[in-house]
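Engineer: Just dropping this structure here.
The values are calculated or read from the model by the stated rules, or taken from the named source; none is laboratory data. Just so it is clear, the structure is predicted and the values come from calculations on it, not from any experiment. Cβ sites come from the backbone with ideal geometry, for glycine too, and all protein chains shown count toward neighbours. These area figures cover heavy atoms from the full protein model, side chains too; ligands, DNA and RNA do not enter into them. Shrake-Rupley method; radii C 1.70, N 1.55, O 1.52, S 1.80 Å.
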Amino acid sequence: MKLTTLLSTALLAVPILADSFPWERLNKNDSLLIIVDLQEGLYQLARDYDPTLYKQAMLAHSALGLAFPTLPVILTTSASTGPNGPLPQEILEMYPSAPVIARQGEVNAWDSPEFRAAVKSTGKKQIILAGIVTDVCTAFLARSLRAEGYSVWANQEASGTVTKEIRDLANDQMMRAGVNVVSLFSIVCDLMRDWRASPGAKEILPWLDRYMPVYGMLARGHRAAVENGTLIPGEADLPL
């Protein structure tokens, strides 16, 4: 076999990851939040995370539009009158005026003409999404959006599936297609960009306290130290 053929074969075997694509930052004025099949029936299939933490992640993802009011929000469900069940009431109450696309048969949300029209009508090119299950509802839609030229950020924490192995495989497939598989906090920080911005610390810290309490408690601890904290023996000798 010729050397050029060997080299070509080797290059074809190298996976194309999201890092192979130019780095793109989220722009809160060009982003769309999609809530994909985070339904009460499907919730029980999200077994790759602690169920209590996962419910918190679902609600936090859905509440991104409350933290960043410029984000349009689209909700979609699959067979919601069947075993998949409805969206949790907590999510529906966040966006009483947002479109809820109830798909009757389409597994991939992008196969729904009504859903495609809703996405295109926003004019946004950066898509933030999460769904149950990761390997179908999130990955199918994310890769379809990439094929249509959209930039996609898949919230890993708010997408759930039946096993960690399946989750890892789905994330790998998305990354090969150029999907940004990311955490909730990275989405928040990229949309905000600067604590002095608007929304910034004033709006985002209370949001984090509710939806990402690990950072909310950090801020509470700092406030307590400033307002009424005193050093105890030994603390003054610790390095800064």
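Engineer: From the list Gly200, Gly149, Gly221, exactly one residue is surrounded by fewer than 16 Cβ atoms within 10 Å (Cβ to Cβ) and closer than 17 Å to Asp30 by Cα. Which is it? Talk me through it step by step, then tell me what you get.
Structural biologist: Details: Gly200 fails: closer than 17 Å to Asp30 by Cα; Gly221 fails: closer than 17 Å to Asp30 by Cα.
Just one listed residue meets the conditions, Gly149.
Engineer: Failed condition for Phe68, given (1) out of contact with any strand residue (DSSP E or B) (no Cβ under 7 Å at 6 or more places or on another chain); (2) open to solvent by less than 10 Å² (accessible area, probe 1.4 Å); (3) of a type outside the set (S, T, N, Q); (4) on the phi > 0 side of the Ramachandran plot, with all others met?
Structural biologist: Against the list (1) out of contact with any strand residue (DSSP E or B) (no Cβ under 7 Å at 6 or more places or on another chain); (2) open to solvent by less than 10 Å² (accessible area, probe 1.4 Å); (3) of a type outside the set (S, T, N, Q); (4) on the phi > 0 side of the Ramachandran plot, Phe68 comes up short only on (4).
Engineer: Given the conditions (1) buried (at least 18 other Cβ atoms within 10 Å of the Cβ); (2) of a type in the set (Lys, Arg); (3) farther than 25 Å from Gly41 by Cα, and given that Lys120 satisfies all but one, which numbered condition is not satisfied?
Structural biologist: Unmet condition: (1).
Engineer: In the stretch 8-104, which helices (runs of 4 or more DSSP H) lie fully inside it and hold 1 or more residues that are among the polar types (S, T, N, Q), within 19 Å of Ile127 (Cβ to Cβ) and modelled with pLDDT under 95?
Structural biologist: Once the helices (runs of 4 or more DSSP H) in the stretch 8-104 are filtered for at least 1 residues that are among the polar types (S, T, N, Q), within 19 Å of Ile127 (Cβ to Cβ) and modelled with pLDDT under 95, nothing remains.
Engineer: Now, a different point. Tell me whether the stretch 159-174 contains one or more residues that are under 20 Å from Ile74 (Cα atoms) and either in contact (Cβ under 8 Å) with a residue 24 or more places away in the chain or open to solvent by 10 Å² or more (accessible area, probe 1.4 Å) (or both).
Structural biologist: yes
Engineer: Another one. Within the stretch 117-150, track down each residue that is out of contact with any helix residue (DSSP H, G or I) (no Cβ under 7 Å at 6 or more places or on another chain), charged (D, E, K, R) and in contact (Cβ under 8 Å) with a residue 24 or more places away in the chain.
Structural biologist: Residues satisfying the conditions are Lys124, Lys125, Arg146, Glu148.
Engineer: Sticking with this structure for a sec: If you go through the stretch 50-66 one residue at a time, do you hit one that is among the small types (Gly, Ala, Ser), under 22 Å from Arg25 (Cβ atoms) and without any contact (Cβ under 8 Å) to a residue 40 or more places away in the chain?
Structural biologist: The answer is yes, given that some residue of the stretch 50-66 is among the small types (Gly, Ala, Ser), under 22 Å from Arg25 (Cβ atoms) and without any contact (Cβ under 8 Å) to a residue 40 or more places away in the chain.
Engineer: Separate question: Go through (1) among the hydrophobic types (A, V, I, L, M, F, W, C); (2) open to solvent by less than 60 Å² (accessible area, probe 1.4 Å); (3) outside any helix (DSSP H, G or I) and name the single condition Leu141 misses.
Structural biologist: For Leu141, the failing item is (3).
Engineer: With the requirement that a residue be closer than 22 Å to Met58 by Cβ and among the charged types (D, E, K, R), what does the stretch 153-201 give you?
Structural biologist: Glu157, Lys164, Glu165, Arg167, Asp168, Asp190
Engineer: Sort out which residues of the stretch 34-49 are surrounded by 21 or more Cβ atoms within 10 Å (Cβ to Cβ) and either without any contact (Cβ under 8 Å) to a residue 40 or more places away in the chain or more than 18 Å from Pro113 (Cα to Cα) (or both), and write them in order of number.
Structural biologist: Listed by number, the residues that qualify are Leu38, Gln39, Leu42, Ala46.
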